[in-house]
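The values are calculated or read from the model by the stated rules, or taken from the named source; none is laboratory data. None of these values were measured; they are calculated from a predicted model. For neighbour counting, all protein chains shown are included, and Cβ atoms are generated from backbone atoms with ideal geometry for every residue, glycine included.
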Amino acid sequence: MKKLEMLYKGKAKKMYATDEPDVLWVEYMNQATAFNGEKKEQIEGKGSLNNRITSVLFDLLRARGIESHFVRRISDTEQLVRKMDMFPLEIIMRNTAAGSFAKRYGVEEGTPLKKPILEFCVKSDDLGDPFINNDGLVALGIVTEDELAEISRIAYAVNDALTDIFSKIDVRLVDFKIEEGRTSDGAILLADEITPDTCRLWDLKDGNGGKDDDGAIEHLDKDLFRRGLGSIIPAYEEIYARLTALAEAEGVERAE
Ligand SMILES: Nc1ncnc2c1ncn2[C@@H]1O[C@H](COP(=O)(O)OP(=O)(O)O)[C@@H](O)[C@H]1O
Ligand SMILES: [Mg+2]
């Protein structure tokens with residue numbers, strides 16, 4: 001497989017064309033951003049960790065019957081994926097109140113939700129990724145009713161599978177963001193990345209619901225960076241080590 005011209009440089013990854021029209025070459029960068037790019041830093045080792053974490057997660061999901069754009073990991077910081085026509089959506093799933101949701105409704109971070117909440121935001125840096133409801137998505141022609149139903153079905157299935165995966169490594173899956181797109185043959189698939197940049201992950205190792213004795217959240221995710229609580233690297237390494245051990249224990253086939 002040959003790496004050709006760069007098609008897009010995002011906040012976390014560079015996407016390159018390949019000599020295979022349906023395959024993209026993804027390079028994970030060390031850049032960390034928060035608050036729509038307002039806070040930005042280079043963090044040595046982040047690209048490699050996110051590339052490896054998202055790869056093992058896509059392998060674990062495939063073993064649970066959830067297909068994605070992931071083809072295989074080709075180096076520490078690079079992977080091949082199926083080229084998709086992306087829906088311009090941030091697809092957010094929440095199992096526990098945290099972040100903007102907790103703030104919006106004035107509930108304490110960590111409050112369990114009686115059912116998972118699926119939320120959509122329009123993916124637009126210029127607009128600051130605004131929230132939109134289901135009617136808005138169809139009314140603006142961003143997706144059709146049928147697409148919305150399939151996108152939602154996949155999001156709930158991903159939530160079930162990820163909740164199972166993270167519970168097995170003593171991590172509370174608080175919420176996460178995914179992206180989906182359409183393959184050239186018309187199927188809607190999970191795409192982009194699933195990393196501690198895009199999930200809220202709280203450490204359950206101490207058996208206390210993800211908070212320490214003083215009630216502070218034990219973050220294993222990008223909130224460490226967003227909130228200036230310390231280095232993300234040991235946390236991301238911990239997530240990667242636990243996921244790798246799980247994949248090994250389950251005998252999951254690895255695409256690398
Ligand atoms: N399989 C895919 N095919 C085409 N585009 C993709 C695929 N997976 C992810 N993308 C897109 O690649 C871009 C690069 O990722 P990223 O650096 O995270 O960008 P952003 O700053 O826009 O979030 C994103 O716009 C994402 O939607
Ligand atoms: Mg992104």
> Among strands (runs of 3 or more DSSP E) lying entirely in the stretch 119-228, which contain 1 or more residues that are more than 16 Å from ligand 1 (Cβ to nearest atom)?
Replying inline: 171-182, 199-203
> Using beta carbons and a limit of 6 Å, which pairs, at least six apart or on different chains, have the first residue in the stretch 1-26 and over 24 Å from residue 187 (Cα atoms) and the second one in a strand (DSSP E or B) and within 12 Å of ligand 2 (Cβ to nearest atom)?
Replying inline: 6/14; 11/33
>> Condition first: free of Cβ contacts under 8 Å to residues at least 40 places away in the same chain and in contact with a helix residue (DSSP H, G or I) (Cβ under 8 Å, 6 or more places away or on another chain). Now tell me which residues in the stretch 135-181 satisfy that.
In response: 138, 144, 145, 148
>> Scan the stretch 41-64 and tell me whether some residue there is without any contact (Cβ under 8 Å) to a residue 60 or more places away in the chain and either touching a Pro at 6+ places or on another chain (Cβ under 8 Å) or within 14 Å of ligand 2 (Cβ to nearest atom) (or both).
In response: yes
> For the stretch 219-256, what are the residues that are touching a residue at least 40 places away in the same chain (Cβ under 8 Å), surrounded by 13 or more Cβ atoms within 10 Å (Cβ to Cβ) and among the charged types (D, E, K, R)?
Replying inline: 222, 223, 226, 237, 242, 250, 254
>> On the basis of being surrounded by fewer than 23 Cβ atoms within 10 Å (Cβ to Cβ) and within 26 Å of residue 113 (Cα to Cα), does residue 193 make the cut?
In response: no
> Given (1) under 21 Å from residue 86 (Cβ atoms); (2) modelled with pLDDT of 95 or more, where does residue 108 come up short, assuming only one miss?
Replying inline: (1)
